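S.K.: Can you keep this structure in mind? I'll have questions shortly.
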Amino acid sequence: MTASSKSSLFGLSRGDVLYEDEWLIAVNKPKGIYCDTVLASVPRFLSDSPDSDQLCRENQSSTLQLHLANRLDRDTSGVMVITKSHKVASMLVKAFTNHKVQKTYVAFCIGSAPQSERVTFKSGHGRSKFGAWRVYAAGDVGRKLPGGSIVRDMETTFEVLSINGQRGYREPSECMKDEEISIVVEEKAVTDVDAKKDEILVRAFPRSGRTHQIRLHCQYLGFPIRGDVKYEGVYEWKGRIYDAHELHAESLSFQHPITGFALMIQAPFPSWASQALQLLTN
C-alpha cells in the first residue's frame, strides 16, 4: 500500500489521543501518515466522541479553528499537538519559536557508536546547491546561500540508551556533566565505509527545530537512522527490509498556553524501540 493510500484510509481513534482539553488535543501520530491527514480527521473524531452531548458537539464543530502546533515527517511517529483556536495556536507557535518547548525523540540507528553516553552536536543548517537539506559548519551560520536563504544554527544532544542490545554507558543519573562530549562542525563529514556497524538506540534532545534536524545529525555523526535511505540509513539489515525511518517523537513539555500549568505529553514507544529496551531488562 502506498503512503498516499494509507493516509487516505486513516481515521483518528480514541486510542490515538494522548491528551485533550477545550483548547488543544495531542495525538500519537502513526508512521506513514501525513500530519495534514491527522488534522483533517479531528473534526469527525470530535463530533463522534461519546464524551460530550449532541449540543456540545454541534457547538464545538462550528467554532473549531484547528491548527498544527508542530509537524512531523510522514514516517516519524509520536506526539503531535493540534490547537482548537487561533489564539492558542499563536501562543504555542511563539513558545516553539522562543525555544520554550522541550522535545525528546528516540531513534534506532546503525553505524559507529559514539564514545560517550551524551554528545552535543552544533552545526549550521541549510540547503545544498541541489536543494536538499544538509549540515553546514557552525562558522557558516548567518551566511547567505544561493537562492537567498540563510544558514541557521542547529543543535542536538544525543543520549545513548543501548548499543547492540547492551546498555552502552551508565545510568543518566550517574553521568557527570564533564563526561559529555560537545562537537562543533567545522568541516564536511568523512564517512568510513569500513567502520563497524553497531545497533544503537538513542534519545535526542533537539535545541532548535530545523527540518530533518535529527536525521541530518545522525547521518553526520556516523550512525544514520535505520531505514532512512535519504540520509544514508540502511534499507536492508539482517535480512529484513526497512522502508521507513525509525524515528519517534517521544515527548513534548511546555507551559499550557491558557492555564499556565506545566504540561508533559508523552507517546508510548513504537515496537522497534520497545524491543530494543526489552533486551536491556532480560
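The values are calculated or read from the model by the stated rules, or taken from the named source; none is laboratory data. Everything numeric here is computed off the predicted structure, so don't read it as measured data. Here the Cβ positions follow ideal geometry from the backbone for every residue, glycine too, while neighbour counts run over all protein chains shown. What goes into the accessible areas is simple: the full protein's heavy atoms, side chains included, and nothing from ligands, DNA or RNA. Shrake-Rupley method; radii C 1.70, N 1.55, O 1.52, S 1.80 Å.
S.K.: Can I183 be described as surrounded by 14 or more Cβ atoms within 10 Å (Cβ to Cβ), at pLDDT below 95 and touching a strand residue (DSSP E or B) at 6+ places or on another chain (Cβ under 7 Å)?
M.R.: yes
S.K.: Just checking, does region 94-110 include any residue being closer than 21 Å to E20 by Cβ and open to solvent by 60 Å² or more (accessible area, probe 1.4 Å)?
M.R.: Within region 94-110, one or more residues are closer than 21 Å to E20 by Cβ and open to solvent by 60 Å² or more (accessible area, probe 1.4 Å).
S.K.: Search region 260-277 for residues being under 20 Å from A95 (Cα atoms), surrounded by fewer than 20 Cβ atoms within 10 Å (Cβ to Cβ) and in contact (Cβ under 8 Å) with a residue 60 or more places away in the chain, and hand back the single one that is nearest to the chain's Cα centre (by Cα).
M.R.: It comes out as Q266.
S.K.: Take region 93-111 and flag every residue that is closer than 30 Å to L161 by Cα, out of contact with any Asp or Glu (no Cβ under 9 Å at 6 or more places or on another chain) and hydrophobic (A, V, I, L, M, F, W, C).
M.R.: The first filter runs over region 93-111 and keeps only residues closer than 30 Å to L161 by Cα, leaving 95-111.
Right, trim to out of contact with any Asp or Glu (no Cβ under 9 Å at 6 or more places or on another chain) and you get 95-102.
Hits for region 93-111 are A95, F96, V101.
S.K.: Scanning for something open to solvent by 50 Å² or more (accessible area, probe 1.4 Å), modelled with pLDDT under 95, touching a Gly at 6+ places or on another chain (Cβ under 7 Å) and not small (G, A, S), does region 194-215 turn up at least one residue?
M.R.: Yes, because at least one residue in region 194-215 is open to solvent by 50 Å² or more (accessible area, probe 1.4 Å), modelled with pLDDT under 95, touching a Gly at 6+ places or on another chain (Cβ under 7 Å) and not small (G, A, S).
S.K.: Let me ask something else. Scan the strands (runs of 3 or more DSSP E) fully inside region 79-163 and keep the ones with 3 or more residues being of a type outside the set (D, E), under 30 Å from T259 (Cα atoms) and at pLDDT 95 or above.
M.R.: 102-111
S.K.: Can I ask one more? Out of curiosity, is V190 of a type in the set (A, V, I, L, M, F, W, C), under 30 Å from D153 (Cα atoms) and at pLDDT below 95?
M.R.: Answer is yes for this residue.
S.K.: Contact list please: Cβ distance under 8 Å, first residue in region 231-247 and part of a strand (DSSP E or B), second residue hydrophobic (A, V, I, L, M, F, W, C) and surrounded by 11 or more Cβ atoms within 10 Å (Cβ to Cβ), pairs at least six apart or on different chains.
M.R.: From region 231-247, the pairs are W237/I110; L247/V106; L247/A107; L247/I214; L247/I225.
S.K.: To continue, here is another question. Quickly run through region 76-99 and pick out the residues that are within 10 Å of the chain's Cα centre (by Cα) and not β-branched (V, I, T). Even if it seems obvious, please write down each step before you answer.
M.R.: Here is the first cut: in region 76-99, the ones within 10 Å of the chain's Cα centre (by Cα) are 76-80.
Matches in region 76-99: S77, G78, M80.
S.K.: Looking only at region 93-119, which residues are touching a residue at least 24 places away in the same chain (Cβ under 8 Å) and among the basic types (K, R)?
M.R.: K100, K103, R118 - these are the residues of region 93-119 that are touching a residue at least 24 places away in the same chain (Cβ under 8 Å) and among the basic types (K, R).
S.K.: Same structure again: If you scan region 120-158, which residues turn out to be in contact (Cβ under 8 Å) with a residue 24 or more places away in the chain, of a type in the set (A, V, I, L, M, F, W, C) and open to solvent by 10 Å² or more (accessible area, probe 1.4 Å)?
M.R.: W133, V135, A137, A138, I150 - these are the residues of region 120-158 that are in contact (Cβ under 8 Å) with a residue 24 or more places away in the chain, of a type in the set (A, V, I, L, M, F, W, C) and open to solvent by 10 Å² or more (accessible area, probe 1.4 Å).
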